[in-house]
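Undergrad: Below you'll find the structure I mean.
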Amino acid sequence: MKCANGEKFSQGTLIPFGNIELSPSAGILNYGQGLFEGLKAYRTENGHILLFRPEENSKRMKTGADRMCMPSPSIEQFVNAVKEIVIANKRWVPPHGKGSLYIRPLLMGTGALLGLAPAPEYTFIIYCSPVGSYHKDKGPLNFKVEDKLYRAISGTGGTGGIKSVTNYAPVYSATTEAKANGFSDVLFLDAATGKHIEEASSSNVFVVKGNAICTPAIDGTILPGITRKTIIDIATDLGYEVMERAVSVEEMLDADEVFCTGTAVVVNSVASITFQKTRTQYKTGPETLSQKLRKTLLGIQTGCIDDTKGWTVLVD
Ligand code: PMP
């Protein structure tokens with residue numbers, strides 16, 4: 001789907017996966033005028049295909065587009081285009097329990113312009129791929145806290161609160177180094193003080209102490225994860241007290257359990273966190289809250305548990 005700046009997107013077309021042509025002076029290439037989303041299609045036990053809260057991805061893309069002076073497809077256009085892609089690729093949706101089809105919508109400034117200004121033309125594309133589990137070490141994860149603040153994921157006033165393509169460039173060095181040293185992922189601190197946790201490179205983080213669950217508040221520097229929002233709802237319904245507020249490094253190190261949430265990771269237990277060379281271990285295993293939440297969420301996403309909130313969308 002394409003549109004000129006200030007106009008609405010017209011109906012798109014399905015084309016085979018392949019390279020796209022871009023002007024060397026496209027906004028996305030020169031100034032990072034681009035946003036993406038990520039969502040999954042799951043197969044139910046009886047072979048149907050479900051999407052999970054796709055309108056939330058569309059709303060998040062719209063928020064990002066407003067922030068980056070871009071037009072965005074309407075919710076209806078976005079959701080219909082996602083459905084169309086899934087139906088066209090339904091043979092790639094893995095069987096129930098064997099993974100999912102990951103769907104990647106991309107919105108970008110493709111019009112050519114030399115100076116720093118919103119691009120004169122925009123393109124919205126969606127591609128997809130079957131996926132298994134996100135982290136190589138499928139089980140409980142081992143995180144490293146990144147305490148060099150110049151390698152923070154986002155700062156106040158930046159674009160950490162939207163899914164801008166540019167957010168991921170600052171974390172390459174930290175995540176590559178951590179993975180080379182055997183860690184599953186990096187946990188970033190707030191860039192202003194370095195005293196509070198923010199999020200991992202592609203997931204939100206929760207800490208559990210007794211019956212209380214805390215997760216960093218959304219303040220413009222953390223991505224408002226759709227899984228995060230869903231897990232807050234599910235945990236609250238299960239009777240847990242869920243707090244969205246600043247979470248200090250000390251509080252995290254003192255927690256019983258830590259877990260992360262995201263479309264890719266679903267909900268995953270964190271087995272250990274290394275902060276300034278000291279490794280702290282956390283509860284893991286089937287009895288943990290994170291595994292209970294993971295089971296519930298995956299159950300809803302794959303149609304095994306009744307979706308009383310209307311979160312799933314039947315595609316086929
Ligand atoms: N934080 C970051 C930086 C992410 O890239 C993601 C993945 N989209 C998340 C959090 C989790 O968001 P969601 O639950 O919507 O996938």
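Read-outs: derived from the displayed coordinates by stated rules, not from any lab. All values reported here derive from a predicted model rather than from experimental measurement. Cβ sites come from the backbone with ideal geometry, for glycine too, and all protein chains shown count toward neighbours.
Undergrad: Helix 75-88: angle to the longest alpha-carbon principal axis of the chain, degrees 0 to 90, nearest 10?
TA: 90 degrees
Undergrad: Fewest first, what order do ARG67, ARG279, ARG294, ARG91 take by the number of other Cβ atoms within 10 Å?
TA: ARG91, ARG279, ARG67, ARG294
Undergrad: Bins of 10 Å, beginning at zero and ending with the bin holding the largest distance: percent of Cα pairs per bin for segment 141-301, please.
TA: Distribution as computed: 11, 44, 36, 9 percent.
Undergrad: Let me ask something additional. In the neighborhood of VAL207, defined by Cβ-to-Cβ distances under 10 Å, what is the net charge if each Lys or Arg adds +1 and each Asp or Glu adds -1?
TA: Net local charge, VAL207 excluded: -3.
Undergrad: For ARG245 and GLU177, calculate 0.36 nm times their separation in residues minus their Cα-Cα distance, and state this gained length in nm to one decimal.
TA: Result for the pair: 21.5 nm of gain on full extension.
Undergrad: Right, another one. Tell me which trypsin sites (Lys or Arg not before Pro) from segment 212-254 have a DSSP coil assignment and no more than 13 other beta carbons within 10 Å of their own.
TA: ARG245
Undergrad: Mind scanning LYS144/LYS209; LYS2/LYS144; LYS83/LYS144 and naming the pairs with a C-alpha gap bigger than 30 Å?
TA: LYS2/LYS144; LYS83/LYS144
Undergrad: Identify the trypsin sites (Lys or Arg not before Pro) of segment 2-48 meeting these criteria: DSSP loop state and at most 16 other C-beta atoms within 10 Å of the C-beta.
TA: Listed in order of number, the matching sites are LYS8.
Undergrad: Segment 220-253 to segment 123-188: how many Å between their Cα centroids?
TA: 19 Å
Undergrad: Translational diffusion coefficient, Stokes-Einstein: compute it for segment 194-242 using the Kirkwood radius over C-alpha pairs as Rh, at 25 °C and 0.890 mPa s, and state it as an integer in µm² s⁻¹.
TA: 214 µm²/s
Undergrad: Divide by every residue of the chain the summed helix terms, -39500 (n - 2.57) for each DSSP H run of at least 4, and state the resulting mean residue ellipticity at 222 nm, rounded to the nearest 500 deg cm²/dmol.
TA: -7000 deg cm²/dmol
Undergrad: Let me ask you something else. What size of dipole, in debye to the nearest 20, comes out for the chain about its Cα centre when the only charges are +1 on Lys and Arg C-beta atoms and -1 on Asp and Glu C-beta atoms?
TA: So the dipole magnitude of the chain works out to roughly 640 debye.
Undergrad: How far, in degrees from 0 to 90, does helix 54-67 lean away from the longest principal axis of the Cα atoms of the chain, to the nearest 10?
TA: 70 degrees
Undergrad: How are the Cα pair distances of the chain distributed, in percent, across 10 Å bins from 0?
TA: In whole percents, the pair-distance histogram is 6, 26, 33, 25, 9, 1.
Undergrad: Give the peptides 296-303, 284-291 in descending order of average Cβ contacts within 10 Å, highest first.
TA: The peptides rank, most packed first, as 296-303, 284-291.
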